[in-house]
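Below is one structure, written out as structure tokens, with a few remarks after it.
Nothing in this text is a laboratory measurement; each read-out follows from the coordinates by a stated rule. Bear in mind that the values here come from a model prediction, so they are computed numbers and not experimental data. Cβ atoms come from the backbone with ideal geometry, glycine included; neighbour counts cover every protein chain shown.
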Amino acid sequence: GAGVSQSPSNKVTEKGKDVELRCDPISGHTALYWYRQRLGQGLEFLIYFQGNSAPDKSGLPSDRFSAERTGESVSTLTIQRTQQEDSAVYLCASSSRPSGANVLTFGAGSRLTVL
Amino acid sequence: GQSLEQPSEVTAVEGAIVQINCTYQTSGFYGLSWYQQHDGGAPTFLSYNGLDGLEETGRFSSFLSRSDSYGYLLLQELQMKDSASYFCAVRDPDRDDKIIFGKGTRLHILP
């Protein structure tokens, strides 16, 4: 597609439920990132996929968080047993093979509200 | 590894000039990028400096000094629409070229 697509754009869930967030990167982009952004805060790195390399999961805050990526396409971020502290905007970004500026293109985000 | 430092907030007056600084510590360096994020929006790429010096794009300029591990974003003729958060970023060659962001600088513009 022309840009990075994320779904759902908004998700309201009850504490304890599982949620799945989806990211469709730009076609041909080998790198894919997930970030969490709480209101008024910076970008909190969660996970990084680069081609066929093992993903960098160093930012996942707990074992309730996991992410998968199918080849160099769609990625899903799963949060199990959601907590109120998980409420945030989850941003996905992708980029082509590293060179020069290695510009990241972000999706519009998925806003998660845990009641 | 990489780390970046930038001020958390900067305030300036409409029509003025403002500079947002970024210092970095890197084990390898492939240039410094800047992103802009408006409230409720996604970050968007603004500029990139791979070599020392000034890069200009309209009212925005970005500067890099590799010897000082320092760069800045310069915004001229400030407009209210420039109110946003600005993030500097570098690529980490030790981590599969992962992009590392600073914590962001919130720019407040006064009329």
* Asked: Ordered by residue, what ³J(HN,Hα) values in Hz, to whole numbers, does the stretch A:24-33 give under the Karplus form 6.51 cos²θ - 1.76 cosθ + 1.60, where θ = phi - 60° and Gly and Pro are x?
  -> 10, x, 5, 4, x, 6, 8, 9, 9, 10
* To do: Treating the Cα atoms of the protein assembly as shown as identical point scatterers in vacuum, please give the log10 of the normalised Debye intensity I(q)/I(0) at q = 0.12, 0.13, 0.17, 0.18 Å⁻¹, two decimals.
  => -0.66, -0.77, -1.23, -1.33
* Asked: Say the dipole of chain A comes from +1 at the beta carbon of Lys and Arg and -1 at that of Asp and Glu; which of A:Pro55, A:Ser99, A:Thr82 then lies farthest toward its positive end?
  -> A:Thr82
* Structure fact -> Largest fluctuation, B:Asp92, B:Asp39, B:Asp52 only, Gaussian network model of chain B with Cα springs under 10 angstrom, belongs to B:Asp39
* Asked: Pick from A:Ala31, A:Ala54, A:Ala88: which is most flexible by mean-square fluctuation in a GNM of chain A where alpha carbon atoms under 10 Å apart are linked?
  -> A:Ala54
* To do: Given a cut-off of 26 Å, name the pairs among A:Lys15/B:Lys103; A:Lys17/B:Lys103; A:Lys15/A:Lys57; A:Lys57/B:Lys81 whose C-alpha atoms lie farther apart than that in the structure shown.
  => A:Lys15/B:Lys103; A:Lys17/B:Lys103; A:Lys57/B:Lys81
* Under the Karplus curve 6.51 cos²θ - 1.76 cosθ + 1.60, θ = phi - 60°, whole-Hz ³J(HN,Hα) for the stretch B:100-105, x wherever Gly or Pro sits -> 10, 9, x, 6, x, 10
* Structure fact -> Comparing B:Gly53, B:Gly28, B:Gly41 in a Gaussian network model of chain B (Cα, 10 Å), the one with the largest mean-square fluctuation is B:Gly41
* If we count other beta carbons within 10 Å of each Cβ, what is the order of A:Trp34, B:Trp34, fewest first? -> B:Trp34, A:Trp34
* If you place +1 on the Cβ of every Lys and Arg and -1 on the Cβ of every Asp and Glu, how big does the dipole about the Cα centre of chain B come out, in debye to the nearest 20? -> 140 debye
* Any idea how far apart A:Gln41 and B:Ser67 come out in nm if each label point goes 7 Å out from Cα toward Cβ? -> 4.0 nm
* To do: Express the relative contact order of chain A as a whole percentage, based on alpha carbon pairs under 8 Å and six or more residues apart in sequence.
  => 37 percent
* Tail beyond 21 Å, pair distance distribution of the stretch B:1-93 (Cα, percent) -> 28 percent
* Which FRET efficiency value, to the nearest 0.05, is calculated for B:Glu14 and B:His38 with the Förster distance at 22 angstrom and r the Cβ-Cβ distance? -> 0.85
* Can you tell me the Rg and Dmax of chain A, counting just the alpha carbons, in angstroms? -> 13.5, 43
* Karplus-derived HN-Hα couplings along the stretch B:46-51 (A = 6.51, B = -1.76, C = 1.60, θ = phi - 60°), whole Hz, x at Gly and Pro -> 10, 7, 8, 10, x, 10
